[in-house]
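The values are calculated or read from the model by the stated rules, or taken from the named source; none is laboratory data. Quantities reported herein were computed from a predicted structural model and do not represent experimental measurements. For neighbour counting, all protein chains shown are included, and Cβ atoms are generated from backbone atoms with ideal geometry for every residue, glycine included. To get the accessible areas, we keep the full protein, side chains included, count just its heavy atoms, and leave off ligands, DNA and RNA. Shrake-Rupley method; radii C 1.70, N 1.55, O 1.52, S 1.80 Å.
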Amino acid sequence: MSEETTQYKKPLPRPPEPELTAPFWEAAKRHELILPHCTQCDKFFWYPREACPRCLQSDWSWVAASGKARLHTYTVVRQPANPAFAEDVPYAFAVIQLAEDVRMMSNIVECAIPEDLEVNMPLEVVFDDIDNDWTLVKFRPASEN
Amino acid sequence: MSIRGKAAIVGFYEVPTRKEMPDRTTFGLLAEVARGAILDAGLKKDDIDGLITPEQFNSLTVAEALGLQPRFNVSMTTHGASGATSIATAAEAIAAGVVDYVLCVFGESRPRSSSRLRSVAEARDSLPPRSRTTEWEVPYGPVIAMNGWYGLMKQRHMFEYGTTQEQFAKMVVDQRFNASKNVNAVWYEEPVTMDDVLNSRFTNDPLHLLESVMPCSGAHAVIVTSAERAKALPNPPAYILGVGGPATRHDIIWHDEDMTTTPVVDSAPTALQMAEININEVDLAQFYDCYTILAMACLEDAGIVQKGEIGPFYQDTDTTFNGTFPINTDGGQIGAGQTGGTGGGFRHVVEATRQVMGRGGIRQASKTDICMVNG
Ligand SMILES: [Zn+2]
């Protein structure tokens, strides 16, 4: 398809501190999920920020995540705040519980909505290349993990 | 320091809450309820030396518009909790002796729907400041207004505790009954049935339209003074026995450790301890209810019932003003409307005062010595 027909109309990620989170977005483009991991606490945290929210120390690093997750909770969107999403309704706006014990917002894809959704169901990461520069991290139903 | 019983609400006033009041300005509404509350308290305007206003308006601007020269000026910034927090702040300042008569005034005349739609469209087209939200939430298509967050919370509560749609609907039915008897409510004389609630469309599953508030125009005010000064005034004082909070984890609800538990688990025990009362001694409750799930989770966290038991409680309990444990006796925000200018949470303060003073009229509950208010 030509570039004009694949133009992505929905909002792209707009990082407040682009340099801080660039490694995450670059990894996503390579279809890899990485998360901030605090060396001191030996725990992951989310969202990425300057200092670990547990110990306030800044010596954390990006560590590869398993991509395994569970659906912590979700809501089925019928009235998106941004009309660019109108073509997708109903879709799932969800809180994802990653195996690394952090939670992030995402969408559940590759399933029937709302029929296939169930709180606590196993999920796995998928990567959605929305344009040449950005890849969103999303999730789909998985077999028990 | 405990401020137990050192301050009291001695007067109140509100104008009816309506979807729009195109012929009224915000400052016109604030002036009307300020005057009404001062007169109701048996005071004169010049007695007022403290002012607490919503975060939307600098309190100095409001003071100027109302012709007040307060020595104690606060704009509350705790969002929905601002109404209840204003009473705590007023009581603390009075107990400290820095002010004598505090006017707390909240409300707004909302712009006409046509200009609101225009400003919504403008806000959408002009990119908001970059934030954690624009990076980690917006690309996934959040729901309009706050509906999304409370849909997530409700879904999780239903999963963890088995709370049913019928139990949520019962709360709406009780509050709409209360509102149907409140001439100031936006849903005056418009009660609903369980089927009405359950058949209303999902704004976003599992949240029904009728479980959400209607943003409205309106205004409310009260006067707070010391217990000593209150004795000389005409109304029976509504004493402030204990306060707790504010505390919030609201901005990080989606990665909170427990998204069905609210900061009320901290604020309620603090308030009860100061008041030197047990939760079982509370006669009725006025609880912030932008959505059913929030009020229900807060009632659990306050200890009205055990965690997870609020669904069966609503199912088995008449919570109208006629009931065994009345809740949101004016209809709450779900029944009476969510006044703009952070007035939504303030209506709970006004109705608590009305009930404790015994001035509830046809909505007066039978025993109203101790009312718990949550913002
Ligand atoms: Zn750490």
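I'd like to verify a number: residues in segment A:42-71 that are among the acidic types (D, E) and in contact with a strand residue (DSSP E or B) (Cβ under 9 Å, 6 or more places away or on another chain), how many?
Qualifying residue count, segment A:42-71: 1.
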Answer residue from segment B:148-204, given it is hydroxyl-bearing (S, T, Y) and in contact with a Leu (Cβ under 9 Å, 6 or more places away or on another chain) and is farthest from the other protein chains (Cβ to nearest Cβ) among those: B:S200
Qualifying residues in segment A:55-71 (those that are within 13 Å of the ligand (Cβ to nearest atom) and over 18 Å from A:F24 (Cβ atoms)) - the one surrounded by the fewest Cβ atoms within 10 Å (Cβ to Cβ): A:L56
Checklist (1) closer than 20 Å to B:H220 by Cβ; (2) at pLDDT below 95; (3) surrounded by fewer than 24 Cβ atoms within 10 Å (Cβ to Cβ) applied to B:G344, failing item: (3)
Filter result (within 16 Å of the ligand (Cβ to nearest atom) and open to solvent by less than 10 Å² (accessible area, probe 1.4 Å)) within segment A:26-38: A:L35, A:P36, A:C38
Residues within segment B:5-42 that are open to solvent by 20 Å² or more (accessible area, probe 1.4 Å), more than 25 Å from B:H79 (Cα to Cα) and modelled with pLDDT of 95 or more, tallied: 5
Residue check, A:P23 touching a helix residue (DSSP H, G or I) at 6+ places or on another chain (Cβ under 6 Å), more than 13 Å from the ligand (Cβ to nearest atom) and of a type outside the set (D, E, K, R): no
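Based on this model, can you work out whether B:G332 counts as open to solvent by less than 30 Å² (accessible area, probe 1.4 Å) and small (G, A, S)?
On the way: open to solvent by less than 30 Å² (accessible area, probe 1.4 Å): yes; small (G, A, S): yes.
Yes; evaluated as a whole, the condition is true for this residue.
Please indicate, with yes or no, whether at least one residue in segment B:57-64 is among the β-branched types (V, I, T), surrounded by fewer than 20 Cβ atoms within 10 Å (Cβ to Cβ) and either within 14 Å of chain A (Cβ to nearest Cβ) or touching a His at 6+ places or on another chain (Cβ under 6 Å) (or both).
no
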All positions within segment B:209-238 that are within 13 Å of chain A (Cβ to nearest Cβ) and open to solvent by 10 Å² or more (accessible area, probe 1.4 Å): B:L209, B:S212
Filter result for B:S126 (touching a residue at least 24 places away in the same chain (Cβ under 8 Å) and exposed (fewer than 14 other Cβ atoms within 10 Å of the Cβ)): no
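Determine which member of the set A:A112, A:A86 is of a type in the set (A, V, I, L, M, F, W, C), more than 10 Å from chain B (Cβ to nearest Cβ) and farther than 23 Å from A:P16 by Cα.
Being of a type in the set (A, V, I, L, M, F, W, C), more than 10 Å from chain B (Cβ to nearest Cβ) and farther than 23 Å from A:P16 by Cα holds for just one of A:A112, A:A86, which is A:A112.
When the residues of segment A:39-54 are narrowed to those that are open to solvent by less than 30 Å² (accessible area, probe 1.4 Å) and more than 18 Å from A:Q97 (Cα to Cα), which ends up farthest from the ligand (Cβ to nearest atom)?
Among those residues, the one meeting the criterion is A:A51.
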Some residue of segment B:69-87 being out of contact with any helix residue (DSSP H, G or I) (no Cβ under 8 Å at 6 or more places or on another chain) and without any contact (Cβ under 8 Å) to a residue 60 or more places away in the chain: yes
